[in-house]
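Visitor: The structure that follows is given in the form of structure tokens.
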Amino acid sequence: MHKGFYPSLYREEEQIDVGKYYTNYIRTYTERDVRMIRNVTDLYTFERFLRLCAGRIGQLLNMNNLAVETGVDNKTIGAWLSVLEASFVVFRLQPYHKNFNKRIVKMPKLYFYDTGVASALLGIENAAQMALHPFRGSLFENMVIVDFLKSRYNRGKTNNLYFWRDSLGTEVDLIAEESDTLLPIEIKSGQTITEDYFKSISSWLKISGMKKGWVIYAGDERQDRSNGITVLPLAQMSTAYS
């Protein structure tokens with residue numbers, strides 16, 4: 001995950017240093033690209049904002065808190081987020097709230113298009129650091145969600161992805177909407193299947209009336225359960241694409 005998925009990092013003949021690659025990427029992005037997209041003059045504050053965004057992967061996007069921590073007003077945060085979205089650095093995953101009651105959370109969540117960029121902003125330099133980092137689970141979730149999103153775009157389809165969360169904190173990481181069908185997907189960075197993996201998705205199936213769902217995790221074993229939930233290793237994730 002820390003290496004990300006930019007093609008140039010995987011060309012054997014180039015042997016690029018990952019740390020230097022992302023250091024240069026972030027510098028070039030803030031010093032050149034951002035200026036071209038929008039007149040951002042305070043690059044130091046903008047880079048702090050960028051790092052704060054990386055620290056919010058998979059979290060509800062609270063613009064007020066982000067503004068306070070960055071040291072700018074809400075209007076500036078909105079403008080800077082638009083810059084990041086326009087340049088395909090971050091995207092907002094919207095909540096699914098159709099046909100549900102008012103207790104559903106309606107704030108979006110924030111993700112990066114590439115986990116390598118996010119990892120660099122978080123100071124993660126290698127796989128050993130990633131394995132112990134408190135954001136490992138969030139970055140794993142980010143990686144899976146953006147893979148679903150890229151799969152949609154590569155097939156010429158629009159974004160049909162959401163998340164679901166109620167006011168009590170019950171949450172499904174990803175909801176794929178296809179016609180009148182909703183497919184819930186839970187994402188777990190652990191390698192061992194436990195019953196905790198199924199609590200939220202089972203609750204959501206009861207509420208929504210849908211019959212099947214997926215759990216994608218970092219282990220190797222696939223399970224097809226009698227309750228309609230399929231557990232997929234990361235390597236088999238494409239099975240769940242819709």
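Visitor: Taking region 1-18 on its own, how many of its residues are part of a helix (DSSP H, G or I) and modelled with pLDDT under 85?
Guide: Within region 1-18, residues that are part of a helix (DSSP H, G or I) and modelled with pLDDT under 85 number 4.
Visitor: It is to be established whether one or more residues within region 103-124 are surrounded by fewer than 21 Cβ atoms within 10 Å (Cβ to Cβ), of a type in the set (Gly, Ala, Ser) and over 23 Å from Leu66 (Cα atoms).
Guide: no
Visitor: Please note which strands (runs of 3 or more DSSP E) are completely contained in region 166-242 and include at least 1 residues that are charged (D, E, K, R) and under 22 Å from Gln94 (Cβ atoms).
Guide: On the way: elements: 171-178, 181-188, 213-217, 229-233.
Passing ranges, in order: 171-178, 181-188.
Visitor: Which of the residues belonging to region 113-166 are within 25 Å of Thr192 (Cβ to Cβ) and among the polar types (S, T, N, Q)?
Guide: Thr115, Ser119, Asn126, Gln129, Ser138, Asn142
Visitor: Of the residues Leu84, Leu50, Leu61, Leu66, only one is in contact with a Pro (Cβ under 8 Å, 6 or more places away or on another chain), under 18 Å from Ala118 (Cα atoms), modelled with pLDDT of 85 or more and surrounded by 13 or more Cβ atoms within 10 Å (Cβ to Cβ); which? Don't jump to the end; show me each part of the working.
Guide: Details: Leu84 fails: in contact with a Pro (Cβ under 8 Å, 6 or more places away or on another chain); Leu50 fails: in contact with a Pro (Cβ under 8 Å, 6 or more places away or on another chain); Leu66 fails: in contact with a Pro (Cβ under 8 Å, 6 or more places away or on another chain).
Going through Leu84, Leu50, Leu61, Leu66 in turn, just one is in contact with a Pro (Cβ under 8 Å, 6 or more places away or on another chain), under 18 Å from Ala118 (Cα atoms), modelled with pLDDT of 85 or more and surrounded by 13 or more Cβ atoms within 10 Å (Cβ to Cβ): Leu61.
Visitor: Right, here's the next one. Give the residues of region 43-93 that are in a helix (DSSP H, G or I), charged (D, E, K, R) and in contact (Cβ under 8 Å) with a residue 24 or more places away in the chain, sorted by residue number. Steps first, answer last, please.
Guide: Taking region 43-93 and keeping what is in a helix (DSSP H, G or I), we get 43-54, 63-70, 74-86.
So of that shortlist, the ones also charged (D, E, K, R) come out as 47-48, 51, 69, 75, 85.
Scanning region 43-93 gives a single hit, Arg51.
Visitor: If you don't mind, another one. In this structure, does Lys188 turn out to be crowded, with 18+ Cβ neighbours inside 10 Å, among the basic types (Lys, Arg) and without any contact (Cβ under 8 Å) to a residue 60 or more places away in the chain? Can you show your working first?
Guide: Numbers: crowded, with 18+ Cβ neighbours inside 10 Å: yes; among the basic types (Lys, Arg): yes; without any contact (Cβ under 8 Å) to a residue 60 or more places away in the chain: yes.
Here the answer is yes, as Lys188 does meet what is asked.
Let's see how each residue does on (1) under 24 Å from Ser138 (Cβ atoms); (2) aliphatic (A, V, I, L, M); (3) free of Cβ contacts under 8 Å to residues at least 24 places away in the same chain:
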position	(1), (2), (3)
Lys157	no, no, yes
Glu177	yes, no, no
Ile207	no, yes, no
Met210	no, yes, no
Val215	yes, yes, no
Glu221	yes, no, no
Pro233	yes, no, yes
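The values are calculated or read from the model by the stated rules, or taken from the named source; none is laboratory data. Model, not experiment: these values are computed from the prediction. Positions of Cβ are backbone-derived with ideal geometry, glycine not excepted, and every protein chain shown enters the neighbour counts.
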